[in-house]
1. Of all trypsin sites (Lys or Arg not before Pro) in the stretch 136-168, which ones are in loop regions per DSSP and have a Cβ with at most 13 other Cβ atoms within 10 Å?
2. For residue 311, what residues show an amide H to amide H distance below 5 Å, using hydrogens built from the backbone and excluding near sequence neighbours?
3. Which entries in 106/409; 60/216; 293/409; 170/409; 97/170; 97/216 show an alpha-carbon gap greater than 32 Å?
4. In whole percent, and with a 1.4 Å probe on the protein chains, what portion of the accessible area of the stretch 126-273 is carbon and sulfur?
5. Enter the accessible area per residue of the chain (Å², integer; probe 1.4 Å; all protein chains in place).
6. Given N residues in the chain, what is Rg(Cα) / (2.2 N^0.38 Å)?
7. In debye, nearest 20: dipole of the stretch 34-277 around its Cα centre with unit charges on the Cβ of K, R (+) and D, E (-)?
8. Given a Förster radius of 35 Å and the C-beta distance between residue 74 and residue 169 as r, what FRET efficiency does 1/(1 + (r/R0)^6) yield to the nearest 0.05?
Amino acid sequence: MDHFDYRGGVLHCESLDVPALAQRFGTPLYVYSHQTLVDHYQRFRDAFAQLDATVCFSVKSCHNLAILDLLKAQGSAFDVVSGGELSRVLEIGADPKRIVFAGVGKSDDDIRMALDAGIGWFNAESEAELDNIADIATRQGATAQIALRINPDVDPHTHRYTTTGTRETKFGVDLERARRIFRDFADRPGLDLAGIHLHIGSPVNTVEPYVACVTKALSLIDELRADGHAIRAINVGGGFGAHYDGSEAPAASAYAEQIVPLLCGRDLEVLLEPGRSIAANAGVLVARTLYTKTSGDRQFVIVDGSITDLIRPALYGAFHFAWPVAPRAGLTPPQRRADLNLPGTTVVDIVGPVCESGDFLAKDRHLPHLQRGDLIAIFSTGAYGFVMSSQYNSRPRAAEVLVHGDDAKVIRRRETYDDLVAAERFVTSYPSHAAPKKTP
Ligand code: LLP
């Protein structure tokens, strides 16, 4: 599953023990395993090798430059959704032709920047967007290669905030409209409308929704081809599961087993956009216990990590397994499951210092005794963890460390109080900045 294991009663990431990392780099701290990222990327690549699929790592899930760079070294292509993400992948020297740009609201600047860079594909989501890309591209003397994102009306059975492929979401266009769009935009200068893009939601822990949406996309492609449109590519999107509560996610090979036969021999370039399935299990968030407290019948463990570091539990009610890094009495978890209830544990909530009742990382957990100074690991936080962090309550963002064997490198330094105000310092009109009054 990953390279985080309890050895001698202490959590290790690859060959390094996590308490030593926390001691060296401070907390809250994101710790990533290089080998887990590599393993998960390779499993995807290998599972879809028969199609020679282009695996475009979804940058939104984990955007640290060092992590993007190590995935690039493995051969990964990239899926971006903003000028900011595009600038990250250009900074690591990614091949622009192997960048796909998705998102319902690309700004003119985003589009210009992507055309200048010469990216491989735009995933476009509406007629208005196509109009705009065509205008900008013709002005720049460029042609944008486009995959139209369709909304296949398939329910991925996931959280409503991360469901994207059902009929009335803001994403994609329905199949009827897709046919019209191909008719209306096929000959539009500046556009090369040549692909179909899908992404139905995330995480999708069963394979059936993929089978359903790829099947619908393929019949659309057959119709479009029959109408004379040269469709060259299908992008199946991301959404593949990760392990949060036990081993609930199908393996990359299980998804591939059912998706590959549908696409074999179709004369289509195949692209995928996995993010979570590569990064989630490759990271843990390590926090330190500040205080313990009892309120009524509830027991709280107050740690130095908070919703500003990991918002998923508050935003989606997401479950992340949490366990002490060096549990007392050597009580190590046999599995990382929500229903784990070992003898010698008590029920606690793990909460942060932020002034919101929604600031919790874990609720109602059977945990070994924790006291001031004890470290706790929040697992499966490599995807949509640090990237969704904020500075709310003027909390500097955590540091990120990448472990490779017995080596640990800081890949993002902890933010400072200076970082918090750096973008505001240029303002010189505060009363306290005014020139001192001359005394008569
Ligand atoms: N492609 C597109 C067009 C997407 O919208 C997404 C994710 C992906 C690929 C990558 O999906 P993945 O393989 O990582 O599941 N913040 C939420 C997840 C939002 C996903 C948004 N789109 C969370 O923490 O669960």
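1. Details: sites: 139, 149, 160, 167; in loops: 167.
Answer by residue number: 167.
2. Here nothing satisfies the definition.
3. Details: 106/409 34 Å; 60/216 27 Å; 293/409 35 Å; 170/409 40 Å; 97/170 27 Å; 97/216 27 Å.
Violating the 32 Å limit, Cα to Cα: 106/409; 293/409; 170/409.
4. Working: 2830 of 6160 Å².
Percent of accessible area from carbon and sulfur atoms in the stretch 126-273: 46.
5. Numbers: 18890 Å² over 440 residues.
It amounts to 43 Å² per residue over the chain.
6. Working: Rg = 23.8 Å, N = 440, 2.2 N^0.38 = 22.2 Å.
Here the Cα radius of gyration is 1.07 times the empirical estimate.
7. On the way: 24 positive and 35 negative charges, 23 e Å.
About 120 debye.
8. Numbers: r = 32 Å, r/R0 = 0.92.
Given R0 = 35 Å and the Cβ-Cβ separation, E is 0.60.
The values are calculated or read from the model by the stated rules, or taken from the named source; none is laboratory data. Values in this document were obtained by computation on a predicted structure and should not be read as measured data. Methodologically, a virtual Cβ is constructed for each residue, glycine included, from the backbone with ideal geometry; neighbour enumeration extends over all protein chains shown. Side chains included, ligands, DNA and RNA excluded: accessible areas come from the protein's heavy atoms. Shrake-Rupley method; radii C 1.70, N 1.55, O 1.52, S 1.80 Å.
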